[in-house]
Amino acid sequence: MQIQHSIHDGVTVIAPAGRIDTTTSPMVEEAVRRVVDSGARDVVINFAGAEYISSAGLRVFLVLAKRMRDLKGRLVLCGMPEPVRQVFHLAGFMPLFLIEPSQDQALARFVTQA
Amino acid sequence: MSAGRHAHIPIAGTAASQAAGMLDAFCAAEQLPDEVAWRLRVVLDEIVANVVAYANHGPGATMDVWFSRDDDLVKISVADDGPAFDPLARPLPNVTLPLEQRQVGGLGIALVRSLMDDVQYERTTRNILTIRKRIEPGGGDGEAGGHADPAQHS
């Protein structure tokens, strides 16, 4: 599991690569918690490098979505490979998130809504 | 029919990664298509996490995992010695609730049921959960293995 963290025009992008499961989810949770704790309110999660996600990982993003709503922050997910997209779909998570195909399209959301 | 594999795994924090390692070796040996392999990985993660969370276990407790393949049918069984616990009897989570009321409890077993062709719980002196997944002909990322993502990546 590798987690990349970058900032594009004030938008924080977190890109977890590899498997997002029981073993690795605590690392992902810690990474997203740290950026939100440090004040990030415009956040993109780029799943392009993710292999799959299990419910342990879904929990992390559900908690993040609730927190961003409470903080009046903005959260966009992008780059979902088919295994990740299917699990989000089966879990009924699609309507809970703003989801874009690519990171560029995700970042554009912040420009048009600013 | 291939030879099955069996692992005896301590029920501890690293059980999920140990089981995942066994599954990786099984998927590689059987050359399972990616479409089948990722489903098995998600499902085994859910089942093992469930055992770790719910099995009433003391120090030294273990679980058993069996992997086998018979033609186009992959089978995985997980057994633990905890008190009777039928995950299939749990109510499915309501996946239509708004964000504030959404919970992850029960989502794991719901995913197991959705991602596999067959899930079976059996109580002997142990809990035994068995899942089966059929390998579709021409699987992998081809047309037979579900719809390819039409999204273009630039």
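Here's how it looks for A:A50: its modeled amide H is under 5 Å from those of A:G18, which are all 5 or more places away or on a different chain. Once the Cα-Cα distance is subtracted from the 0.36 nm per residue extended length, the B:A61 to B:D86 segment shows a gain of 7.1 nm. Between B:R134 and B:D34, the FRET efficiency estimated from the beta carbon spacing at R0 = 22 angstrom works out to 0.90. Residues B:C27, A:C78, ranked from the fewest to the most other C-beta atoms within 10 Å, line up as B:C27, A:C78.
Sorting A:F110, A:F61 by the number of Cβ atoms found within 10 Å of their own Cβ, with the fewest placed first, yields A:F110, A:F61.
Modelled label positions at B:Y54 and A:D37, each set 7 Å beyond Cα in the direction of Cβ, lie 3.2 nm from each other. Inter-chain Cβ neighbour count for B:24-37, averaged per residue, equals 1 (cutoff 10 Å, partner chain atoms only).
Taking θ as phi - 60° and the Karplus parameters 6.51, -1.76 and 1.60, the scalar couplings of segment B:70-77 work out to 10, 6, 9, 10, 9, 10, 10, 10 Hz in sequence order, x denoting glycine and proline. Shielding value for A:54-65 is 5, the average number of Cβ atoms from other chains within 10 Å of each residue's Cβ.
Our analysis of segment B:5-140 gives Rg over Rh at 0.97, with the two radii drawn from alpha carbon positions and Rh computed by the Kirkwood formula. The amide H of B:T62, built 1.01 Å from its N in the peptide plane, has B:I11 as neighbours under 5 Å, considering only residues 5 or more places off or on other chains.
Placing pseudo-labels 7 Å out from each Cα toward the beta carbon at A:H89 and A:K72 gives an inter-label distance of 3.6 nm. What angle, in degrees between 0 and 90 and rounded to the nearest 10, separates the Cα long axis of helix A:103-113 from the longest principal axis of the Cα atoms of chain A? The angle comes out at about 40 degrees.
Considering only DSSP beta bridges where both residues belong to the protein assembly as shown, give the percentage that are antiparallel (nearest 5).
On the way: 34 of 48 bridges.
Just about 70 percent of them are antiparallel.
Using C-alpha pairs below 8 Å separated by at least 6 residues, the relative contact order for segment A:2-113 is 26 percent. Residues in segment B:104-110 carry Karplus couplings, in order, of 9, x, x, 5, x, 6, 5 Hz; the curve used is 6.51 cos²θ - 1.76 cosθ + 1.60 with θ = phi - 60°, and Gly or Pro positions show x. Cβ crowding within 10 Å ranks B:I47, B:I128, A:I99 as B:I128, A:I99, B:I47, fewest other Cβ atoms first.
The residue list B:L23, B:I135, A:L98 was ranked by how far each Cα lies along the charge dipole of the protein assembly as shown toward its positive end, using unit charges on Cβ atoms, and A:L98 comes out on top. Subtracting the Cα-Cα distance of A:M27 and A:D104 from their residue separation scaled by 0.36 nm leaves 25.2 nm. Between A:R74 and A:D42, A:V43, the built amide H atoms are under 5 Å apart, and every one of these is 5 or more places off in sequence or on another chain.
Please enumerate, by chain and number, the lysines with C-alpha under 19 Å from the C-alpha of B:K75, excluding those fewer than 8 residues away in the same chain. Correct list for B:K75: B:K133. Please find the FRET efficiency linking B:L73 to A:I7, where r is the Cβ-Cβ separation and R0 is fixed at 51 Å, and quote it to the nearest 0.05. It comes out at approximately 0.60.
From the residues A:V76, A:V13, A:G49, which one has its Cα farthest along the dipole of chain A in the positive direction, the dipole being from +1 and -1 charges on Cβ of Lys/Arg and Asp/Glu about the Cα centre? Of the options given, the answer is A:V76. Once you reduce segment B:93-126 and segment B:11-90 to the center of their Cα atoms, the two points are 15 Å from each other. Straight Cα distances below 13 angstrom link A:K72 to the aspartates and glutamates A:D42, with same-chain residues fewer than 8 positions distant left out.
The numbers here are math on the coordinates, done by the rules we state, and not lab data. Treat the numbers as computed from the prediction; the structure is a model and nothing was measured. Neighbour counts are summed over all protein chains in view; Cβ atoms, including those assigned to glycine, are modelled from backbone coordinates with ideal geometry.
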